[in-house]
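Notes follow the structure.
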Amino acid sequence: MIFHMSLRSNPLLRKTNLAVWRAWRSWKLSLHSSTVCASSGPDPLDRSEALSSVSSEKPPHTPVMLKEVLHYLDIQVGQVVLDMTFGGGGHTKAILNAVPEVTVLALDRDPTAISLAEQLAKEHSGRVNSLLGRFSELEALLSNMNIKPGSIDAVLLDAGCSSMQMDQAERGFSLSKDGPLDMRMDGERYPDMPCAADVVNTLDQQALASILTAYGEERHARKIASAIVVARRINPITRTQQLASVVAGSFPPAVIYARKDRLHRPAHVATKTFQALRIFVNDELNELHSGLRAARAALKPGGRLCILTFHSLEDRLVKRFLQDDNLSNLDQYHFSPRKQSTVKEKKDGGSVYWVQVQRKVITPQRDDVTENPRGRSAKLRVAVRR
Ligand SMILES: C[S@@+](CC[C@H](N)C(=O)[O-])C[C@H]1O[C@@H](n2cnc3c(N)ncnc32)[C@H](O)[C@@H]1O
């Protein structure tokens, strides 16, 4: 069982997860019989099936804020671009089509996404190099390819999950499609890595509530954690819709769809619970922090970084990184998200490493949101490496 080392080592999460850390420690000691996903049974995700389901006419992922991303990356003929989140390849394909002789290094932690990148590499001989791994592994992957730090012209990081992951019930990300409660972006790459079902069936109530508060900003975290603990005594929670029902069952029926998303459409009351579990299972905030540092190391002076985020935890981290680049006091920041930053900015408004191209965050046009509702909460930040 892979243990979240980063919970101990990263100040961003250390304090937030004290309760979680204790629970993981006791969990680690009591393992071996109880995990749901860390099994040696058949692969719950048949990748060939997944690939054929995404290779039809419908693109597997509609790239978010594509016009803006192409504009701000400002890629020139013959440059080298790093797409840190290949996903369904929407942004990469647009980059290849927009600029001649560009080479794209395509990273993703999801083996299914990387299979797509390999297909694309065959179609664009010599222009796409796929890299299977996490942001935290990127520096080593680039070094293995003899790509020197400070040699990349532009980097794109489109955070979170792809539509391809959300749409496949077997991946367990979706609240609306029943599937095993999995949520691991890495698929079966790390068979010992805990999945969402392991988390909800094993952690104690306090740890579950901490996760829902920290990563879902869920006001009713304690009530939901208590409902989960009661429900799992009767039956382990192993399916996405089972979890959605358990969460819904802790609220009066009238409020199950009372929350609204940014398009003012009804959102299920378990949405934040799902977000929190996904972030926790995939260690997403630590990974994002690693990704930003890796991008900083990879870019050449004058190189451009575009980052798309989809919720406030991600955007706050990115904003802070681009302002100051020093996240050593982020645990404090993370615990009091609305607290004003105490960071002193340089007179030109930038950091030692970055010049921000737009001071204000860039959001999607109304038409784009109507066409691609998944991009409704997108925020784009752009910076140039000093
Ligand atoms: C929003 S999707 C990217 C979609 C892509 N831009 C497109 O147009 O198709 C995000 C992708 O990033 C990958 N990802 C998320 N966190 C990652 C990490 N820490 N390391 C590597 N890949 C990651 C996910 O597996 C997912 O495929």
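A few comments on the model shown:
- Unsatisfied cross-links (Cα-Cα over 29 Å) in the set 67/177; 93/148; 93/300; 300/379: 67/177
- Measuring between their Cα centroids, region 158-214 and region 64-115 lie 27 Å from each other.
- Burial ranking of peptide ranges 235-241, 82-88 (average Cβ count within 10 Å, highest at the top): 82-88, 235-241
- Rounded Å value of the spacing that divides the Cα centres of region 354-370 and region 124-139: 27
- Inter-probe distance in nm under a simple model that places probes 7 Å from Cα toward Cβ, at residue 358 and residue 271: 2.3
Each reported figure results from applying straightforward, stated rules to the coordinates on display, with no laboratory input. Everything quoted here is computed from the prediction, not taken from an experiment. No Cβ is skipped: glycine too gets one built from the backbone with ideal geometry, and neighbour counts run over all protein chains shown.
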